[in-house]
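See below for the structure under consideration.
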Amino acid sequence: MATPAPLLNHHHRPYAWPELDAETLDTGAVIAKGFCTPGQVETVNAQLDAYLAEHEGAADAATGSADYDRFLGHKTLRLHGLVEKIPATRALIGSPELIEWAERLLAPVASSVLMNAGELIQIQPGEPKQYPHRDSDSWIAVPVSEVPIIVNALVALDPCTLENGATYAAPNSWTWEPGRKPKPEDYARAVMEPGDALMFRGDIIHGGGENDSAERRRILSISYCAGWLRPVENSYLNINQALLSELPERLQGVLGYHMHDGLDIGGGLVGLYENGDPRRWLAELR
Ligand SMILES: O=C(O)CCC(=O)C(=O)O
Ligand SMILES: [Fe+2]
């Protein structure tokens, strides 16, 4: 008999955070049902639809590397700069629940976290399965260890199904020896309803699914990395200063406008502005 595919544990509101955290750290991935409300999903979708209709080509892969563009997907729309462009995402990217989850999981190695990327990932019909990867491969010189340096929440804005590209995720793969490749039976699929979130350590092997349906599969990927790492998305370049000064403090912090203080674990200060905390610069903006 074939080995049954692993399943992802589902958590319901009110979330039992200690268990959710422990499972994310251990198996690597859980599904938080109803992470955002139907109203939030509807508003984010409406703002995305309006933005994409007005900005043709803005969400196409254009890294200058043919291999990397293939990884991002030629039939996948990806949009950064969401805090600026899609106002309804601010409450998600700056969500105290998500930020605190990331802070707890990364706490042994990082006293603060940054938004690594806030990204629309919309897989269009005909897109093949994405190359399986660890998000932590962005910093390939850092070995995978007990404590993740990146966590990611994929928030479903459409139903995510086996047909339209539900994410593949290999539970426990953060414990695998380097070079081990997942077999089909190693994968769970993140089948979700709009508003659900796949919450995972970014060092498990995963990837977007093939879209064999006639519908798009739209999610937001909201990832947070250690406050001393360089995030994948350079968000400094796409938030205007007038907006920045109006954002909640927590969101300013994960966007990089707070100093990272690693002194408690014998580390240093990172992200200084004029020898001090960039909060001073923020205060001058007001
Ligand atoms: O689209 C997905 O389901 C996952 C995408 C992903 O893992 C990535 O682009 O890093
Ligand atoms: Fe990924």
query: How about the range 190-207: which of its residues are farther than 19 Å from residue 175 by Cα, among the aliphatic types (A, V, I, L, M) and touching a Ser or Thr at 6+ places or on another chain (Cβ under 8 Å)?
result: 190, 191, 198
message: Can you tell me which of (1) near ligand 1 (Cβ under 10 Å from one of its atoms); (2) touching a Gly at 6+ places or on another chain (Cβ under 7 Å); (3) not hydroxyl-bearing (Ser, Thr, Tyr) is the one residue 150 doesn't meet?
response: (1)
- prompt: Among the residues of the range 2-9, is any assigned to a strand (DSSP E or B) and under 26 Å from residue 201 (Cβ atoms)?
  reply: yes
query: For residue 6, all conditions in the list (1) in contact with a strand residue (DSSP E or B) (Cβ under 7 Å, 6 or more places away or on another chain); (2) crowded, with 17+ Cβ neighbours inside 10 Å hold save one; what is the number of the exception?
result: (2)
message: Go through the range 115-147 and report how many residues are of a type in the set (A, V, I, L, M) and within 14 Å of ligand 1 (Cβ to nearest atom).
response: 4
task: Count, please, the residues in the range 78-94 that happen to be surrounded by fewer than 23 Cβ atoms within 10 Å (Cβ to Cβ) and either within 16 Å of ligand 1 (Cβ to nearest atom) or not in a helix (DSSP H, G or I) (or both).
output: 5
- line: residue 233 fails exactly one of (1) among the acidic types (Asp, Glu); (2) over 29 Å from residue 263 (Cα atoms); (3) within 16 Å of ligand 2 (Cβ to nearest atom), namely (2)
message: If I go through the range 200-234 residue by residue, how many of them are closer than 22 Å to residue 88 by Cβ, more than 13 Å from ligand 1 (Cβ to nearest atom) and buried (at least 24 other Cβ atoms within 10 Å of the Cβ)?
response: 1
- line: Those residues of the range 212-235 which are out of contact with any strand residue (DSSP E or B) (no Cβ under 7 Å at 6 or more places or on another chain) and modelled with pLDDT under 95 amount to none
task: Just need a number here: residues in the range 184-230 that are of a type in the set (A, V, I, L, M) and within 21 Å of residue 7 (Cβ to Cβ).
output: 10
field: Scan of the range 237-255 for residues that are among the hydrophobic types (A, V, I, L, M, F, W, C), assigned to a helix (DSSP H, G or I) and within 20 Å of the chain's Cα centre (by Cα), ordered by number
entry: 237, 251, 254, 255
statement: Subset of the range 179-203, residues within 12 Å of ligand 2 (Cβ to nearest atom) and in contact with a Lys or Arg (Cβ under 7 Å, 6 or more places away or on another chain), comes to 202, 203
query: Could you list, in sequence order, the residues of the range 22-38 that are surrounded by fewer than 18 Cβ atoms within 10 Å (Cβ to Cβ) and part of a helix (DSSP H, G or I)?
result: 22, 25, 26, 38
statement: When the range 162-186 is checked residue by residue, the ones that are surrounded by 15 or more Cβ atoms within 10 Å (Cβ to Cβ) and within 19 Å of the chain's Cα centre (by Cα) are 165, 166, 167, 168, 169, 170, 171, 173, 174
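The values are calculated or read from the model by the stated rules, or taken from the named source; none is laboratory data. As the structure is a prediction and not an experimental result, all values here were calculated from the model. With ideal geometry, Cβ positions are generated from the backbone for all residues, glycine too; neighbour counts draw on all protein chains shown.
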